[in-house]
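Report on one structure; see the data block that follows.
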Amino acid sequence: MRYHRSDVVDRAITLLDEVGLETLSMRRLAADLGVQPSALYHHFAGKQELLGAVADEILARGRRSVEVVWWTDELRLVCAELRDIMLRHRDGAALVSMVRAQGVGAEEPVRRMAAALRFAGADEELARVGAHTLFHFVFGHVADEQAAGAEAPVESMDFRIGLGVILDGLSARLAPVPS
């Protein structure tokens, strides 16, 4: 049977949830699909490219179709989406962080955060640093929850308060300086 790239990504997501990031390999995925490992290289240059596609797909599936008006609401939404989708998948935080660090995927949430900050009046440097700060905050919370083995955790008070602290700090940076 010939598989499309999307079929391979879908099965890789299922395997990620079943066996975890450490055990997910091109060989295991190929065996699960009933093909030779070389068949996967028709779609992906290697495991890192596959993992980038997996991360991008799980992030796309977690995107909510909500229109927000205020930049802080947009940032809260993106952070909540990112948190929820990483928690939904076994080793989700490790996957998203790894592919971002390797530059092979999972850039969309950070781009959206930076765009919201630029819309609010941030210069490029503040937009970049603010978006990365928010990403690392969300990643840190999810990594802690996943390391603790929490089953279907609910949004914690610490997460809401911490996110508010970061947004307050960004708001203070964006507020006009009194003359």
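Taking the criterion of being farther than 14 Å from residue 135 by Cα, crowded, with 19+ Cβ neighbours inside 10 Å, over 13 Å from the mean Cα position of the chain (by Cα) and free of Cβ contacts under 8 Å to residues at least 40 places away in the same chain, would at least one residue in region 40-51 satisfy it?
yes
Among the residues of region 52-64, write down those that are of a type in the set (A, V, I, L, M) and surrounded by fewer than 18 Cβ atoms within 10 Å (Cβ to Cβ).
Once the filter is applied, which keeps residues that are of a type in the set (A, V, I, L, M) and surrounded by fewer than 18 Cβ atoms within 10 Å (Cβ to Cβ), region 52-64 yields only 60.
Among the helices (runs of 4 or more DSSP H) lying completely within region 1-119, list those that include at least 2 residues that are of a type in the set (Lys, Arg).
Counting at least 2 such residues, we get 5-19, 26-33, 47-61, 71-88, 108-119.
Of all residues in region 7-28, which are among the hydroxyl-bearing types (Ser, Thr, Tyr) and either under 17 Å from residue 45 (Cβ atoms) or in contact (Cβ under 8 Å) with a residue 24 or more places away in the chain (or both)?
Once the filter is applied, which keeps residues that are among the hydroxyl-bearing types (Ser, Thr, Tyr) and either under 17 Å from residue 45 (Cβ atoms) or in contact (Cβ under 8 Å) with a residue 24 or more places away in the chain (or both), region 7-28 yields only 25.
For region 91-109, how many residues meet the condition of being surrounded by 18 or more Cβ atoms within 10 Å (Cβ to Cβ) and touching a helix residue (DSSP H, G or I) at 6+ places or on another chain (Cβ under 6 Å)?
Count: 10.
Does residue 88 count as of a type in the set (Lys, Arg) and either more than 26 Å from residue 157 (Cα to Cα) or surrounded by 19 or more Cβ atoms within 10 Å (Cβ to Cβ) (or both)?
No: the conditions fail for residue 88.
Could you list, in sequence order, all residues of region 68-94 that are of a type outside the set (Gly, Ala, Ser) and closer than 20 Å to residue 21 by Cβ?
The answer is 82, 83, 84, 85, 86, 87, 88, 89, 90, 91.
Every read-out reported here was derived from the displayed coordinates using simple, explicitly stated rules and does not represent laboratory data. Quick caveat: nothing in here was measured; it's all calculated off a predicted structure. Neighbour counts run over all protein chains shown; Cβ positions are idealised from the backbone, glycine included.
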